[in-house]
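Asker: One structure follows; several queries about it will come next.
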């Protein structure tokens, strides 16, 4: 795994191999991440990255958030409660030298505390597939003030999703077993 573009371009991230099924770690492949960020940068959704405050729910390795930071986001909040994931996120933040631009919340993404700062403009949501956890986490993030009006939400899943009230599905694209859904908070 590596950062695809931006100021950390080419930076190798901590290795996980093919993933950790026991810890539900399934990193987004470099190719899928590159396709996703090309889609975001394509102009159809404005410029959702530059200067964005990013919320990375079920952060796993932190690769999505760090890719956004590399491409111009201003701050990333990573949320995960897995011991292995938290070690990898910390390692990857250190590899990028991004400690001052990041925050880690060790918590189940479905149980976010109230947000004590500015809401996030870009949200990555990559829950364990087919367990309905994404709907719960997104509902909680909205209720606790983590998501700004008009925020763009990138939700990775293996099947169709049911966006919660207050969120509109804009686009869905399949990459192998992964479906990337782009949504907008209203």
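The values are calculated or read from the model by the stated rules, or taken from the named source; none is laboratory data. What you see is a predicted model; the values in this text were computed from it and never measured. Here Cβ is always computed from backbone atoms with ideal geometry, including for glycine, and neighbour counts include all displayed protein chains.
Asker: Give me a count of the residues in the range 68-95 that are surrounded by fewer than 20 Cβ atoms within 10 Å (Cβ to Cβ), under 11 Å from residue 14 (Cα atoms) and out of contact with any strand residue (DSSP E or B) (no Cβ under 9 Å at 6 or more places or on another chain).
Answerer: Residues meeting the conditions: 3.
Asker: On to the next question. Mind counting the residues in the range 38-67 that are surrounded by fewer than 23 Cβ atoms within 10 Å (Cβ to Cβ) and out of contact with any strand residue (DSSP E or B) (no Cβ under 9 Å at 6 or more places or on another chain)?
Answerer: Qualifying residue count for the region: 6.
Asker: Please go through (1) surrounded by 16 or more Cβ atoms within 10 Å (Cβ to Cβ); (2) touching a strand residue (DSSP E or B) at 6+ places or on another chain (Cβ under 8 Å); (3) free of Cβ contacts under 8 Å to residues at least 40 places away in the same chain for residue 180 and return the number of the only condition it doesn't satisfy.
Answerer: With respect to (1) surrounded by 16 or more Cβ atoms within 10 Å (Cβ to Cβ); (2) touching a strand residue (DSSP E or B) at 6+ places or on another chain (Cβ under 8 Å); (3) free of Cβ contacts under 8 Å to residues at least 40 places away in the same chain, residue 180 is out only on (3).
Asker: While we're on this one: Would it be correct to say that residue 8 is touching a helix residue (DSSP H, G or I) at 6+ places or on another chain (Cβ under 8 Å) and either modelled with pLDDT of 95 or more or in a loop (DSSP other than H, G, I, E, B) (or both)?
Answerer: Numbers: touching a helix residue (DSSP H, G or I) at 6+ places or on another chain (Cβ under 8 Å): yes; either modelled with pLDDT of 95 or more or in a loop (DSSP other than H, G, I, E, B) (or both): yes.
Answer is yes for this residue.
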